[in-house]
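Asks: Take a look at the following structure, please.
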Amino acid sequence: MVTNNGSAEIVDMEDARARRQASDLPGADYDHVGAHLRAVREASGLMLMEAASRTHIKETHLTAIEALAISDLPPRPYAIGFVKTYAEFLGVDASAIVDRFKEDAGYSAPQPVSVEKFEAQETQAEEENSDLSLAAVIAIMVFILWCAWQITRPHDVITLGANADGRQADDLSGPVPGLSTVDADPAIVTENIVEARIVEQIDPVFPRRCASDAAPLETLVVSFNITAEGRVAGERVAQTSNACLDDAALNAIRRWRFEPRTVDGAPRPVYDQQYSFSFQRPL
């Protein structure tokens with residue numbers, strides 16, 4: 001179980017004031033959400049390299065977000081998480097930014113459904129169910145016949161009387177003719193287990209909107225699973241001293257990467273891990 005303590009990045013107040021002014025730029029004046037975020041960053045006087053360093057998001061991904069180059073971004077869940085973290089860092093309304101990003105990127109549109117493909121899959125499923133039903137009936141009939149044969153077949157009868165050598169059957173002080181014993185130790189099965197190890201750890205960014213109501217030190221405990229591919233799944237907040245910081249902790253841990261747990265060299269998932277985040281309120 002992972003029990004190390006993390007620490008949140010402290011946001012400089014002068015930078016925060018600069019981003020507050022930049023965040024007033026109306027998003028409707030820009031063709032897409034990426035252009036809006038780029039304008040806010042430039043108005044804040046931030047270089048792309050600095051933003052990447054402070055958000056722990058690769059510069060290439062920030063460039064793709066600002067250019068709305070969806071093909072250069074990771075899969076949808078990670079892309080949305082990057083956009084939300086970037087918006088929180090720049091001090092703009094993260095919820096509104098994420099909604100517009102989904103719309104601009106085409107994530108909000110429902111996936112087209114092929115009626116012909118659906119009908120073909122339904123027909124195939126019905127055929128497979130019919131084959132399974134027939135196989136089940138045959139298996140049940142075979143089992144019933146086997147049980148009937150076991151009941152009706154003749155069995156050997158063991159009687160208590162004299163053995164071939166004249167000893168009574170209950171006199172077992174010596175070996176009994178016709179019986180053999182094999183002494184064998186049970187097989188000892190051993191497994192070579194290597195536990196999961198963190199290879200990429202991202203610290204959360206303290207959201208500006210949470211600073212006014214935060215204590216000097218806030219603590220959150222996040223529970224999560226590690227897949228056989230070394231990614232985080234099923235993340236959830238187990239304990240929190242300030243719910244306003246929950247999303248920041250979850251966004252950070254989703255980008256962690258692990259060397260997965262292995263059993264005899266084969267990767268295996270790990271469940272119910274925990275990590276404790278510590279957030280220091282900006283001065």
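Please treat every number below as a calculation from the coordinates, not as lab data. Given the structure is predicted, the values throughout are model-derived calculations rather than measurements. No Cβ is skipped: glycine too gets one built from the backbone with ideal geometry, and neighbour counts run over all protein chains shown.
Asks: Could you list 244, 210 in order of exposure, starting from the residue whose Cβ has the fewest other Cβ atoms within 10 Å?
Replies: Working: 244 16, 210 20.
Result, fewest neighbours first: 244, 210.
Asks: Whole-Hz Karplus ³J(HN,Hα) for the stretch 30-38, in order, using 6.51 cos²θ - 1.76 cosθ + 1.60 and θ = phi - 60°, x for Gly and Pro?
Replies: 10, 5, 8, 5, x, 5, 4, 5, 5
Asks: Where does each of 278, 53 land when they are ranked from fewest to most other beta-carbon atoms within 10 angstrom?
Replies: The most exposed by this proxy come first: 53, 278.
Asks: Additional query: Pull out the extension gain between residue 240 and residue 63, defined as 0.36 nm times the separation in residues minus the alpha carbon to alpha carbon distance; nm, one decimal.
Replies: Length gained, residue 240 through residue 63: 60.4 nm.
Asks: A further question on this structure: Apply 1/(1 + (r/R0)^6) to the Cβ-Cβ distance of residue 93 and residue 217, taking R0 = 22 Å, and write down the FRET efficiency to the nearest 0.05.
Replies: Values: r = 27 Å, r/R0 = 1.22.
After rounding to 0.05, the efficiency reads 0.25.
Asks: So what is the orientation-averaged projected area of the stretch 193-280, using the convex hull of its C-alpha atoms, in nm²?
Replies: Quarter of the Cα hull surface area: 5.4 nm².
Asks: Hey, rough spin-label estimate for residue 278 and residue 191, points 7 angstrom out along Cα→Cβ, what's it come to in nanometres?
Replies: Output for this residue pair reads 3.5 nm.
Asks: Another question about this same structure. Fewest Cβ neighbours within 10 Å first, please rank 90, 68, 48 accordingly. Show your work: numbers first, answer last.
Replies: On the way: 90 24, 68 18, 48 15.
Ascending number of Cβ neighbours within 10 Å: 48, 68, 90.
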